[in-house]
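Notes follow once the structure below has been shown.
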Amino acid sequence: MKINISNRIVKTGVAALGVSALAVAVSAHAQQTLNIVSWGGAYSMSQHEAYDKPWMEKTGDEIVNIDRSGNALAGLRAQSQAGNVTWDLVDMLPADAMIACAEGLIEPLDHDELLADAPDGTPPSEDFVDGALGDCFVASIVYSNIVAFNSEMFPEDDQPSTIEDVFDLENYPGKRALLRKPINNMEWALIADGVDRDEVYAMLETEEGVQRAFAKLDTIKDEVIWWEEGAQPPQLLADQEVAFASAYNGRIFNAMVTEDQPFEIIWDAQVFELDGWVVPTGKLDKVKDYLHFATDTQRLADQAQYISYGPARKSSSELVSTHAETGIEMTPHMPTYGPNFATALQKDDLFWADYNDELTQRFNAWLSQ
């Protein structure tokens, strides 16, 4: 049974907090400890460098980073039921944010009142990319779910390049590492089976489409190692325990650039999506100043110096330059770079908000068969 997400419409105010207002707020700011939940690894490092360090220097706050975003929705539910919400700000995917918002676990956000204008005065509601601002959600990045491979495990003249190759055990043998969830795997299975990208989610709404996706996954099931934490895919590839691994593009970029790993990204059929912040119910007053700061134009541009995720603000994109550690140009490594984006599929957050529980149950039952 699918979950219907009720609409919680938040009226957007016309007044925005200006720079001077933020300065006054910071000057009167009482030092505090913020418990901030995110994904860990290279991504949390990029947030720490771009947001946390300058905020702590400015305010004297202490920030405790908690790597629990992979199970953030379940964590918020558990804390809410226990009447002891200890998380102050949570990095969460939009589909989970829709569910959490509908369940009253997180705060509605008035974006134009809460967030910073662009440097030229453009309000947040016009400066953030399409889909970046939900009733209870504000995006910070555009990232991609991709499949990568270890180039040393294939001949130089016959390297894989398409999502179909991931399902081709005859020509591209070896173990595959895939996320232990239906998300992305169902989409890739249908695309590899010949379904047009524009028809993937309509197909997955049908029983025929779901069975077709599982049937395609059956063809590689015996060669799959299932991962649950974002740090696992690059390690499995580096150890050559697998030839292919699904992963977040920023994790693979970090391994390629800073660790000199022989990885290549298959940009074909990348599933791109937004990621960002939600505020647990009752925590808005505590974190609103930090949220205002961490989502402004400069901070989102600064984050792109550390990881190959595109900023969710239009005004930030023109400020993206080079990698902080190596000096390489970041643009060609972004999911939204033209050649990388040619066959991209946008994750349908409404679909997954409605069908995630049902398909997760079916996926887990399929795994146990």
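The values are calculated or read from the model by the stated rules, or taken from the named source; none is laboratory data. Everything numeric here is computed off the predicted structure, so don't read it as measured data. Note that each Cβ is placed from the backbone with ideal geometry, even for glycine, and that neighbours are counted across all protein chains shown. Only protein heavy atoms, including side chains, enter the accessible area calculation; ligands, DNA and RNA are left aside. Shrake-Rupley method; radii C 1.70, N 1.55, O 1.52, S 1.80 Å.
Quick rundown of the values:
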| item | result |
| --- | --- |
| Residue in the stretch 206-223 that is farthest from the chain's Cα centre (by Cα), counting only those that are under 20 Å from Glu164 (Cβ atoms) and part of a loop (DSSP other than H, G, I, E, B) | Thr219 |
| Count of residues meeting criterion [more than 17 Å from Leu34 (Cβ to Cβ) and of a type in the set (D, E, K, R)] in the stretch 60-89 | 1 |
| Check on Cys136, out of contact with any strand residue (DSSP E or B) (no Cβ under 6 Å at 6 or more places or on another chain) and either at pLDDT 95 or above or acidic (Asp, Glu) (or both) | no |
| Test: Arg77 is at pLDDT 95 or above, farther than 18 Å from Val287 by Cα and not small (Gly, Ala, Ser) | yes |
| Members of the stretch 54-101 found to be open to solvent by 20 Å² or more (accessible area, probe 1.4 Å), within 16 Å of Ala353 (Cα to Cα) and touching a Leu at 6+ places or on another chain (Cβ under 7 Å), listed by number | Arg77, Asp96 |
| Residue that is open to solvent by 50 Å² or more (accessible area, probe 1.4 Å) and of a type in the set (Phe, Trp, Tyr), where the choices are Tyr355, Tyr309, Tyr337 | Tyr337 |
| Cβ-Cβ under 6 Å pairs, at least 6 apart or on other chains, the stretch 210-230 side under 14 Å from Phe363 (Cβ atoms), far side open to solvent by 50 Å² or more (accessible area, probe 1.4 Å) and of a type outside the set (A, V, I, L, M, F, W, C) | Lys216/Asp193; Trp226/Arg180; Glu228/Arg180 |
| Inter-residue pairs, beta-carbon under 6 Å, first assigned to a helix (DSSP H, G or I) and in the stretch 69-80, second among the hydroxyl-bearing types (Ser, Thr, Tyr) and open to solvent by less than 60 Å² (accessible area, probe 1.4 Å), 6+ apart | Ser69/Ser38 |
| Unique residue being free of Cβ contacts under 8 Å to residues at least 60 places away in the same chain and either under 23 Å from Gln235 (Cβ atoms) or surrounded by fewer than 23 Cβ atoms within 10 Å (Cβ to Cβ) (or both) when the list is Glu199, Glu205 | Glu199 |
| Output for the stretch 122-151, where each listed residue is open to solvent by 40 Å² or more (accessible area, probe 1.4 Å) and either without any contact (Cβ under 8 Å) to a residue 12 or more places away in the chain or not aliphatic (A, V, I, L, M) (or both) | Ser125, Glu126, Asp130, Gly131, Asp135 |
| Hey, Leu350 out of contact with any Phe, Trp or Tyr (no Cβ under 7 Å at 6 or more places or on another chain), part of a loop (DSSP other than H, G, I, E, B) and open to solvent by 30 Å² or more (accessible area, probe 1.4 Å) or not | no |
| Within the stretch 307-316, considering residues that are of a type in the set (Ser, Thr, Tyr) and over 14 Å from Asp130 (Cα atoms), the one nearest to the chain's Cα centre (by Cα) | Tyr309 |
